[in-house]
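Data block below; observations after.
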Amino acid sequence: MLSGTAATLAGSVPAFAAGTALWSAALLLTSVPKGFAGWVRLAGIVGSILFAITAARIFWGEQVLPTSAPLPFYAYPVLVLTFAGWIWTLLKA
(Lines give C-alpha, C1' and ligand atoms only; values in the text may rest on other atoms or scores of the structure.)
Protein backbone atom coordinates (compact mmCIF):
# COMPACT_ATOMS: atom_id res chain seq x y z
CA MET A 1 0.00 0.00 0.00
CA LEU A 2 1.36 3.39 -0.97
CA SER A 3 1.09 6.39 1.30
CA GLY A 4 0.36 10.06 0.60
CA THR A 5 2.89 11.43 -1.86
CA ALA A 6 3.86 8.03 -3.29
CA ALA A 7 0.20 7.26 -4.05
CA THR A 8 -0.23 10.65 -5.72
CA LEU A 9 2.87 10.11 -7.88
CA ALA A 10 1.79 6.59 -8.81
CA GLY A 11 -1.64 7.89 -9.79
CA SER A 12 -0.10 10.45 -12.11
CA VAL A 13 1.96 7.93 -14.10
CA PRO A 14 -0.52 7.43 -17.00
CA ALA A 15 -0.85 11.19 -17.53
CA PHE A 16 2.92 11.53 -17.27
CA ALA A 17 3.38 8.84 -19.94
CA ALA A 18 1.04 10.68 -22.28
CA GLY A 19 2.87 13.95 -21.61
CA THR A 20 6.29 12.48 -22.26
CA ALA A 21 5.06 10.94 -25.50
CA LEU A 22 3.80 14.36 -26.61
CA TRP A 23 7.06 16.05 -25.55
CA SER A 24 8.96 13.44 -27.54
CA ALA A 25 6.93 14.08 -30.68
CA ALA A 26 7.10 17.85 -30.30
CA LEU A 27 10.85 17.88 -29.74
CA LEU A 28 11.41 15.69 -32.76
CA LEU A 29 9.16 17.76 -35.02
CA THR A 30 10.83 21.02 -34.01
CA SER A 31 14.36 19.62 -34.20
CA VAL A 32 14.26 18.06 -37.67
CA PRO A 33 13.95 21.30 -39.72
CA LYS A 34 17.14 23.31 -40.15
CA GLY A 35 15.81 26.47 -38.48
CA PHE A 36 18.04 26.08 -35.41
CA ALA A 37 21.76 25.57 -34.89
CA GLY A 38 23.08 22.01 -35.15
CA TRP A 39 23.73 21.64 -31.40
CA VAL A 40 20.17 22.78 -30.62
CA ARG A 41 18.74 20.31 -33.11
CA LEU A 42 20.91 17.51 -31.71
CA ALA A 43 19.84 18.30 -28.14
CA GLY A 44 16.20 18.23 -29.25
CA ILE A 45 16.59 14.88 -30.99
CA VAL A 46 18.40 13.36 -27.99
CA GLY A 47 15.69 14.71 -25.67
CA SER A 48 13.03 13.30 -27.96
CA ILE A 49 14.62 9.86 -27.84
CA LEU A 50 14.97 9.93 -24.05
CA PHE A 51 11.34 10.92 -23.55
CA ALA A 52 10.18 8.33 -26.10
CA ILE A 53 12.04 5.62 -24.16
CA THR A 54 10.45 6.83 -20.93
CA ALA A 55 6.95 6.79 -22.42
CA ALA A 56 7.46 3.36 -23.98
CA ARG A 57 8.65 1.91 -20.68
CA ILE A 58 5.52 3.22 -18.94
CA PHE A 59 3.20 2.01 -21.71
CA TRP A 60 4.82 -1.44 -21.46
CA GLY A 61 3.79 -1.60 -17.80
CA GLU A 62 6.92 -0.56 -15.95
CA GLN A 63 6.31 1.67 -12.94
CA VAL A 64 8.33 4.77 -13.89
CA LEU A 65 7.71 7.85 -11.77
CA PRO A 66 8.43 11.41 -12.92
CA THR A 67 11.36 11.48 -10.46
CA SER A 68 12.85 8.10 -11.43
CA ALA A 69 16.52 7.85 -12.39
CA PRO A 70 18.14 7.44 -14.88
CA LEU A 71 15.10 8.18 -17.07
CA PRO A 72 13.27 10.56 -17.07
CA PHE A 73 15.53 12.29 -14.51
CA TYR A 74 18.37 12.79 -17.02
CA ALA A 75 16.02 13.73 -19.88
CA TYR A 76 15.00 17.00 -18.22
CA PRO A 77 18.42 18.70 -18.51
CA VAL A 78 18.44 17.91 -22.23
CA LEU A 79 14.97 19.43 -22.54
CA VAL A 80 16.15 22.58 -20.75
CA LEU A 81 19.24 22.74 -22.98
CA THR A 82 16.97 22.58 -26.02
CA PHE A 83 14.77 25.36 -24.63
CA ALA A 84 17.87 27.48 -23.95
CA GLY A 85 19.00 26.92 -27.54
CA TRP A 86 15.63 27.96 -28.88
CA ILE A 87 15.65 31.10 -26.76
CA TRP A 88 19.24 31.90 -27.77
CA THR A 89 18.32 31.51 -31.45
CA LEU A 90 15.26 33.74 -31.15
CA LEU A 91 17.06 36.45 -29.17
CA LYS A 92 20.00 36.38 -31.61
CA ALA A 93 17.64 37.12 -34.50
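The values are calculated or read from the model by the stated rules, or taken from the named source; none is laboratory data. Here the structure is a predicted model, which means the values were calculated and not measured. A quick note on method: Cβ atoms are made from the backbone with ideal geometry, for glycine too, and the neighbour counts reach across all protein chains shown. With ligands, DNA and RNA removed, areas are computed over all heavy atoms of the protein, side chains included. Shrake-Rupley method; radii C 1.70, N 1.55, O 1.52, S 1.80 Å.
Applying the condition of being open to solvent by less than 80 Å² (accessible area, probe 1.4 Å) and under 15 Å from GLY19 (Cα atoms) to the stretch 68-93 and asking which residue is modelled with the highest pLDDT yields LEU79.
In the stretch 1-67, counting only helices (runs of 4 or more DSSP H) that sit wholly within it, the ones holding 2 or more residues that are modelled with pLDDT of 85 or more and surrounded by 13 or more Cβ atoms within 10 Å (Cβ to Cβ) span 13-31, 38-59.
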